[in-house]
1. Looking at segment 17-27, can you tell me whether even one residue there is surrounded by 14 or more Cβ atoms within 10 Å (Cβ to Cβ), away from the ligand (no atom under 16 Å from the Cβ) and at pLDDT 95 or above?
2. Report, by residue number, each residue of segment 84-100 that is out of contact with any helix residue (DSSP H, G or I) (no Cβ under 8 Å at 6 or more places or on another chain) and either on the phi > 0 side of the Ramachandran plot or surrounded by fewer than 18 Cβ atoms within 10 Å (Cβ to Cβ) (or both).
3. Tally up the residues in segment 88-104 that are part of a strand (DSSP E or B), of a type outside the set (Phe, Trp, Tyr) and within 15 Å of the ligand (Cβ to nearest atom), please.
4. Considering only residues that are surrounded by 16 or more Cβ atoms within 10 Å (Cβ to Cβ) and either within 13 Å of the ligand (Cβ to nearest atom) or β-branched (Val, Ile, Thr) (or both), which ones fall in segment 30-54?
5. Which of the residues belonging to segment 55-83 are open to solvent by less than 90 Å² (accessible area, probe 1.4 Å), farther than 18 Å from PRO33 by Cα and either within 16 Å of the ligand (Cβ to nearest atom) or not charged (D, E, K, R) (or both)?
6. What are the residue pairs meeting all of these: first residue in segment 53-66, first residue among the charged types (D, E, K, R), second residue at pLDDT 95 or above and not in a helix (DSSP H, G or I), Cβ atoms under 7 Å, and 6 or more apart or on different chains?
Amino acid sequence: MKALAAGLLIALLGGAATAGAAEVRIRDYKFVPEKVTVKAGESVKWVNDEKRASHSIWFQGERLPESERLFQGESYQRRFDKPGTYAYTCGPHPEMKGVVEVLP
Ligand SMILES: [Cu+2]
């Protein structure tokens with residue numbers, strides 16, 4: 001039990017210190033999961049699993065430029081320093097939507 005608690009603590013500390021706290025896979029023209037939650041200072045990584053479609057990550061509401069198009073196996077990562085709700089879409093497929101919730 002003690003070892004488990006220590007392991008959990010290490011996992012939590014590690015999560016805060018390293019990038020890539022959450023991962024979103026892109027498949028079947030969807031962001032999976034559609035909503036992820038991270039803490040301020042953590043990053044989200046998107047990976048395209050599609051064989052024949054390229055996608056992008058676009059936080060249009062913040063007037064940020066669209067990410068590069070991701071082809072199969074390619075990824076994009078963004079760090080979130082401020083708490084809030086960040087909605088995004090895919091540039092070429094506006095019907096693909098996702099949300100990143102950033103907790104303090
Ligand atoms: Cu797309």
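The values are calculated or read from the model by the stated rules, or taken from the named source; none is laboratory data. Treat the numbers as computed from the prediction; the structure is a model and nothing was measured. Counting neighbours? That spans all protein chains shown, and the Cβs are built from the backbone with ideal geometry, glycine included. Accessible surface areas use protein heavy atoms only, side chains included; no ligands, DNA or RNA. Shrake-Rupley method; radii C 1.70, N 1.55, O 1.52, S 1.80 Å.
1. There is at least one residue in segment 17-27 that is surrounded by 14 or more Cβ atoms within 10 Å (Cβ to Cβ), away from the ligand (no atom under 16 Å from the Cβ) and at pLDDT 95 or above.
2. Result: GLY84, THR85, PRO92, HIS93, PRO94, GLU95, LYS97, VAL99.
3. Total satisfying the criteria: 3.
4. Result: LYS30, PHE31, VAL36, VAL38, VAL44, TRP46, VAL47, ASN48, GLU50, ALA53, SER54.
5. Correct list: GLY61, LEU64, GLU66, SER67, PRO83.
6. Taking only residues 6 or more apart or on different chains, the pairs are GLU66/SER56; GLU66/TRP58; GLU66/GLY91.
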